[in-house]
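> Structure in structure tokens, see below.
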Amino acid sequence: MFELAKALADTKSRQDIPASMKLLHREMTLSAPALGTTAHGPAANERALGRFFAAFPDYAVVLDGHADDGSSLVCWGTAKMTMTGHRFGVTPNGRRAELPVFIRFSFRDDLIASEHFFFDLSELCAQSGVSTDTVRRTLFQPTRLT
């Protein structure tokens, strides 16, 4: 299990979406609660990774440790990434943030069936020189029906 998670960390650190997709089950769920995103299935996961790498083009993660129970895996480590663009409704300072992360995985058919990626949005915003409140409003604004 850890070898598969490590391979995914390596492909994502290279922003290699095709290689990442080969490690994911066809019913894969990818969530990043700090960003309010959840993607199900291959097309949605490919789009989600593309959007993430557009916002953080130098993303890299190092997994420092892990624990598993035979069917699921939790890893922890450090992610480094520079917030770019205006996706979050702010203008970042261009500095690379360094954040502790933990990632919960499940598996099916010898592939990754789910990844839940956790990090502190406030710390990312602080290191990027932007307002957490503004980013949260952009990410979590209620949908308005007109």
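The values are calculated or read from the model by the stated rules, or taken from the named source; none is laboratory data. What you are looking at is a predicted structure, and each value in this text was computed from that prediction instead of being measured. Note that we place each Cβ from the backbone using ideal geometry, even for glycine, and neighbour counts take in every protein chain shown. Surface areas here come from the heavy atoms of the whole protein model, side chains and all, with no ligands, DNA or RNA. Shrake-Rupley method; radii C 1.70, N 1.55, O 1.52, S 1.80 Å.
> Restricted to segment 81-121, and to residues that are within 12 Å of the chain's Cα centre (by Cα) and of a type in the set (Val, Ile, Thr), which residue is surrounded by the most Cβ atoms within 10 Å (Cβ to Cβ)?
Going through the qualifying residues, I end up with Ile103.
> Among the numbered criteria (1) within 30 Å of Thr134 (Cβ to Cβ); (2) modelled with pLDDT under 95; (3) polar (S, T, N, Q), which one does Ser72 miss?
Failing condition for Ser72: (1).
> Looking at segment 9-18 only, could you name the residues that are assigned to a helix (DSSP H, G or I) and either among the charged types (D, E, K, R) or closer than 12 Å to Leu49 by Cα (or both)?
Residues satisfying the conditions are Asp10, Thr11, Lys12, Ser13, Ile17, Pro18.
> So which residues in segment 1-20 are free of Cβ contacts under 8 Å to residues at least 40 places away in the same chain and either aromatic (Phe, Trp, Tyr) or surrounded by 15 or more Cβ atoms within 10 Å (Cβ to Cβ) (or both), if there are any at all?
Ala7, Asp10, Thr11, Ile17, Ser20
> Is one or more of the residues making up segment 131-140 modelled with pLDDT of 95 or more and open to solvent by 50 Å² or more (accessible area, probe 1.4 Å)?
Within segment 131-140, not a single residue is modelled with pLDDT of 95 or more and open to solvent by 50 Å² or more (accessible area, probe 1.4 Å).
> Could you tell me which numbered condition Phe53 fails, if it satisfies all but one of (1) within 13 Å of the chain's Cα centre (by Cα); (2) hydrophobic (A, V, I, L, M, F, W, C); (3) at pLDDT below 95?
Every listed condition holds for Phe53 apart from (3).
> Collect the residues in segment 54-80 that are over 25 Å from Asp109 (Cβ atoms) and either open to solvent by less than 20 Å² (accessible area, probe 1.4 Å) or among the polar types (S, T, N, Q) (or both), keeping them in residue-number order.
Result: Ala55, Phe56, Tyr59, Gly65, Gly77, Thr78, Ala79.
> Restrict the check to segment 22-30 and report whether at least one residue is more than 30 Å from Gln141 (Cβ to Cβ), touching a strand residue (DSSP E or B) at 6+ places or on another chain (Cβ under 6 Å) and in a strand (DSSP E or B).
Yes, because at least one residue in segment 22-30 is more than 30 Å from Gln141 (Cβ to Cβ), touching a strand residue (DSSP E or B) at 6+ places or on another chain (Cβ under 6 Å) and in a strand (DSSP E or B).
> If a residue must be basic (Lys, Arg) and modelled with pLDDT of 95 or more, how many such residues does segment 75-88 contain?
Final tally of qualifying residues: 1.
> Just the residues that are under 19 Å from Ala39 (Cα atoms), of a type outside the set (Ser, Thr, Tyr) and touching a Phe, Trp or Tyr at 6+ places or on another chain (Cβ under 7 Å), please, taken from segment 102-137.
Phe102, Ile103, Ile112, Ala113, Glu115, Phe118 - these are the residues of segment 102-137 that are under 19 Å from Ala39 (Cα atoms), of a type outside the set (Ser, Thr, Tyr) and touching a Phe, Trp or Tyr at 6+ places or on another chain (Cβ under 7 Å).
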